[in-house]
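Presented below is the structure to which this report refers.
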Amino acid sequence: MRKAIGLSLFAAMVVQAAPVVLDEIEVEEKIDTEVIKDVSGEEIKSADVAEGLAKESSSVWLVRRSGISNDIIVRGQKKDNINVTIDGAKVFGACPNRMDPAISHVLTNNIDYIEMTEGPYNVEDFGVLSADVKVHTKKPAEEFEGEVNLNAGSWGYKKASFSASGGTDTLKFLISASTETGEQYEDGDGNDFAEQIQKNIDAGKVPANLQYQDKYRGMDAFEKQTVMAKLFWNIADNQELRLSYTGNRSDDILYPSSKMDALYDDSDIFNIEYTAKDLGKYSKELDVQLYQSEVDHPMSTIYRKVATDITKEKTHWLDTKMQGAKIKNSFDAGNHTITAGLDYSLRNWNGRFYTNGTPGGVSLDDVDTENYALFLKDTFRTGNLEWNLGLRYDDTEITSGNAMDTDNDYSELNGFISGTYHADENTRYFAGIGKSSRVPDARELYIRMGGAQQGTPTLDNTKNYELDMGMEKQFENATFKAKAFYSMLEDFIAYNSSKTSHYFENVDATIYGVEFSGSYIASESIYFDYGVSYQRGKKEDPMTGQTDTDLPEIPPLKLNAAVNYLYNDTLSFRAEVVAADEWSNYDQDNGEQELDAYAVFNLKGTKQFNKHFELTVGVDNLFDNTYATANTYNDLTLLGVPGNDVMLLNEPGRYFYANLKYKF
């Protein structure tokens, strides 16, 4: 038993910098890759992937916007600075106010595992500036199998999910569906969404007309349904075709710290993948992928008191579509494995305002972002040293349907080189240096609000020059890993709230930080795991009309630590703490404010009754603390009045939950 636990923990740590096998799927070695396994099995509290990642990794920070569909920060980077793909398909949200971030368009119950690579070490995808999050969803099995989950929690949370898969050697299928709903959660002081708004109204921080109308004050916080279907066809021994569809339907999602709520948020993801292996000397593996993701997102003031005057019932309706194609081929040349490929994507983004259903001004006018790219990778080994090299050339054109908008063209050569030195079978050292870039999005370039030009059409693309290094060590009963990075950001795109138009501005900046993680086996029944991360970010110079040089959205020191107790093969317990220091360095000129330190304790127990039934019960925020994780950078439109700090949205208070799983 002791040996089994040790090997399991060792594997969990090594995947961060070495090849691993998960469900017979090889995860390519990268310099800074963290693999979060069995997401659907571990993260059963809710479907929110952002919340699950923040609990699992110290390098991920949760940006709370609602009870569902929240956002993440990785190494002080957010939005387009993080690349998110779902089974290789690149996904974007439609909302300029980040109500529907890319990570929200897949649910935990559909996820197998997540690869998270920090740094500029992915040349296969477009716009990987500072982090790459690859979501891998469940795959069909040959033998017929499935599971049913029934979940209930505090504040009326209810969820039911179902999945089944099976087939033959030639043809396999998977079908998955879920539905969930939740009431407004209460913070540690017992205040729900409407009561949190009221506290800020009473304090003079929020206008009274942005409170929910009486008939909506008690409405549910969200309702969400999803379906996923896959069909895998082994055309021949060396060829496979994969077809998949993921649909998400969310209704009436409340965003209490924003001026609007989402009437609905619908997304559809279509994916076709073809793989052929061993086609000849110069084709060890050929991969072709076509995908399309669509998001439809209207947000409105309809539930707020301001809408009782029908002339002020405003809806901002946006939609976006992402279409992509990729072909890559790998082959061996001596001790080198070389991969070459072509990447293409086209994103379209539209937005318009409506007043009581009547069309009004256009916020984004049929903006296309079209990218063509070539990439090349090489992996080889010399003695104990393993090398990875990559190059990518991007040519990007951004055009708007509004004749008043200036079209933009960007071209960039990016690349990296990294090495892992295997000092012995238990010790590895790694280092890498790279350059990556990302172009401005349509909002940053062109968006108009109330007829005013907020976007800045003359923005340059952002370049990241980064150095990473670290080591990992396996002891008899413990593992330890340390990482450090230094990132120089040229023409970083930041929001300048001192301006009256063209709010986005290029600035040079630096981000640096360290991360530690590891595990310790105390006995056959008890083991510990932990992670600590810290980063700082500074602008080289203050922005126009400002004095603050703190970079926004740089979280403070964060700790994730847990003790795990295995009573026997069928009963396990986990106690964890997620803690963070106060925000003492923040961009006050652009709306951020000091947040208090916090420490939250969570408990979870799982009992396996037989091969079919499993019961999990837990409580998060055991001591009912009141705290906030999301700061108030003016890049988001949040509730407030001039001259005061805007409204903070507190995290949920003490939350009880239970999940019953039936496997067949």
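The values are calculated or read from the model by the stated rules, or taken from the named source; none is laboratory data. What you are looking at is a predicted structure, and each value in this text was computed from that prediction instead of being measured. Cβ placement follows ideal geometry from the backbone for every residue including glycine, while neighbour counts extend to all protein chains displayed.
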Here is a check on your reading of the model: is residue 369 farther than 30 Å from residue 432 by Cβ, among the polar types (S, T, N, Q), modelled with pLDDT of 95 or more and touching an Asp or Glu at 6+ places or on another chain (Cβ under 9 Å)? no
Condition check for residue 330: surrounded by 17 or more Cβ atoms within 10 Å (Cβ to Cβ), among the small types (Gly, Ala, Ser), out of contact with any Phe, Trp or Tyr (no Cβ under 6 Å at 6 or more places or on another chain) and under 29 Å from residue 241 (Cβ atoms): yes
Mind listing whichever residues of the stretch 180-228 are out of contact with any Ser or Thr (no Cβ under 7 Å at 6 or more places or on another chain), charged (D, E, K, R) and surrounded by 22 or more Cβ atoms within 10 Å (Cβ to Cβ)? 180
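Return the total of residues in the stretch 614-635 being out of contact with any strand residue (DSSP E or B) (no Cβ under 8 Å at 6 or more places or on another chain) and either surrounded by fewer than 21 Cβ atoms within 10 Å (Cβ to Cβ) or among the aromatic types (Phe, Trp, Tyr) (or both). First the steps, then the outcome.
The first filter runs over the stretch 614-635 and keeps only residues out of contact with any strand residue (DSSP E or B) (no Cβ under 8 Å at 6 or more places or on another chain), leaving 624, 626, 628, 631-632.
Next cut, either surrounded by fewer than 21 Cβ atoms within 10 Å (Cβ to Cβ) or among the aromatic types (Phe, Trp, Tyr) (or both) only: 624, 626, 628.
Adding up the residues that qualify gives 3.
Within the stretch 569-584, take every residue that is under 27 Å from the mean Cα position of the chain (by Cα) and surrounded by fewer than 15 Cβ atoms within 10 Å (Cβ to Cβ) and give me the one that is nearest to residue 628 (Cα to Cα). Let's see the steps before the verdict.
Residues of the stretch 569-584 under 27 Å from the mean Cα position of the chain (by Cα): 574-584.
From what is left, the residues that are surrounded by fewer than 15 Cβ atoms within 10 Å (Cβ to Cβ) are 582, 584.
Details: 582: 10, 584: 14 Å.
Among those residues, the one meeting the criterion is 582.
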Is it fair to say residue 164 is outside any strand (DSSP E or B), at pLDDT 95 or above and among the aliphatic types (A, V, I, L, M)? no
Please enumerate the residues belonging to the stretch 398-418 that are in contact (Cβ under 8 Å) with a residue 40 or more places away in the chain and not in a loop (DSSP other than H, G, I, E, B). 398, 408, 410, 412, 414, 415, 416, 418
Could you grab me the full set of residues in the stretch 70-94 that are touching a Pro at 6+ places or on another chain (Cβ under 7 Å) and either assigned to a strand (DSSP E or B) or of a type in the set (Ser, Thr, Tyr) (or both)? 71, 73
Is there a residue being within 26 Å of residue 107 (Cβ to Cβ), surrounded by fewer than 21 Cβ atoms within 10 Å (Cβ to Cβ) and of a type in the set (Asp, Glu) anywhere in the stretch 147-164? yes
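One line per residue, one yes/no per condition, for (1) in contact with a Gly (Cβ under 6 Å, 6 or more places away or on another chain); (2) outside any strand (DSSP E or B):
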position: 616; (1), (2): no, no
position: 624; (1), (2): yes, yes
position: 630; (1), (2): no, yes
position: 658; (1), (2): no, no
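Only one residue in 194, 177 is part of a strand (DSSP E or B) and either in contact with a strand residue (DSSP E or B) (Cβ under 7 Å, 6 or more places away or on another chain) or of a type in the set (S, T, N, Q) (or both). Which one? Break it down into steps so the answer makes sense when it comes.
Numbers: 194 fails: part of a strand (DSSP E or B).
Checking each option against the conditions leaves just 177.
Give the residue that is nearest to residue 335 (Cα to Cα), with candidates limited to residues of the stretch 354-382 that are of a type in the set (Ser, Thr, Tyr) and under 26 Å from the mean Cα position of the chain (by Cα).
Filtering the stretch 354-382 down to residues of a type in the set (Ser, Thr, Tyr) leaves 354-355, 358, 363, 369, 372, 379, 382.
Next cut, under 26 Å from the mean Cα position of the chain (by Cα) only: 363, 369, 372.
Numbers: 363: 53, 369: 39, 372: 30 Å.
Per the criteria, the residue is 372.
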Taking the options 67, 52, 127, name whichever one is within 25 Å of residue 533 (Cβ to Cβ) and assigned to a loop (DSSP other than H, G, I, E, B). 127
May I ask you to list the residues in the stretch 535-563 that are within 20 Å of the chain's Cα centre (by Cα) and either surrounded by 18 or more Cβ atoms within 10 Å (Cβ to Cβ) or in a loop (DSSP other than H, G, I, E, B) (or both)? 535, 552, 553, 554, 555, 556, 557, 558, 560
Residue 265 meets each of (1) touching a residue at least 60 places away in the same chain (Cβ under 8 Å); (2) over 23 Å from residue 178 (Cα atoms); (3) of a type in the set (D, E, K, R) with one exception, condition (2)
Mind checking which residues of the stretch 586-613 are among the polar types (S, T, N, Q), more than 23 Å from the chain's Cα centre (by Cα), under 20 Å from residue 628 (Cα atoms) and buried (at least 17 other Cβ atoms within 10 Å of the Cβ)? 590
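Would you be able to tell me the number of residues in the stretch 72-86 that are in contact with a Lys or Arg (Cβ under 6 Å, 6 or more places away or on another chain) and either at pLDDT below 95 or hydrophobic (A, V, I, L, M, F, W, C) (or both)?
Of the stretch 72-86, the ones in contact with a Lys or Arg (Cβ under 6 Å, 6 or more places away or on another chain) are 80, 85.
With the extra rule that they be either at pLDDT below 95 or hydrophobic (A, V, I, L, M, F, W, C) (or both), the set shrinks to 80.
Residues that pass the stated criteria total 1.
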Within the stretch 455-475, considering residues that are in a loop (DSSP other than H, G, I, E, B) and out of contact with any helix residue (DSSP H, G or I) (no Cβ under 8 Å at 6 or more places or on another chain), the one farthest from residue 495 (Cα to Cα): 475
Looking only at the stretch 597-630, which residues are at pLDDT below 95 and within 19 Å of residue 66 (Cβ to Cβ)? 630
Would you pick out the residues in the stretch 499-528 that are touching a helix residue (DSSP H, G or I) at 6+ places or on another chain (Cβ under 8 Å) and buried (at least 16 other Cβ atoms within 10 Å of the Cβ)? 504, 517, 518, 519, 521, 527
One residue is enough: does the stretch 348-356 have a residue meeting the conditions assigned to a strand (DSSP E or B), in contact with a Phe, Trp or Tyr (Cβ under 6 Å, 6 or more places away or on another chain) and in contact (Cβ under 8 Å) with a residue 40 or more places away in the chain? no
Restricted to the stretch 460-485, and to residues that are of a type in the set (Asp, Glu) and buried (at least 22 other Cβ atoms within 10 Å of the Cβ), which residue is nearest to residue 120 (Cα to Cα)? 466
Residues located in the stretch 160-182, provided they are within 24 Å of the chain's Cα centre (by Cα) and of a type in the set (D, E, K, R): 180
Return the total of residues in the stretch 432-454 being in contact (Cβ under 8 Å) with a residue 60 or more places away in the chain, in a strand (DSSP E or B) and surrounded by fewer than 21 Cβ atoms within 10 Å (Cβ to Cβ). 3
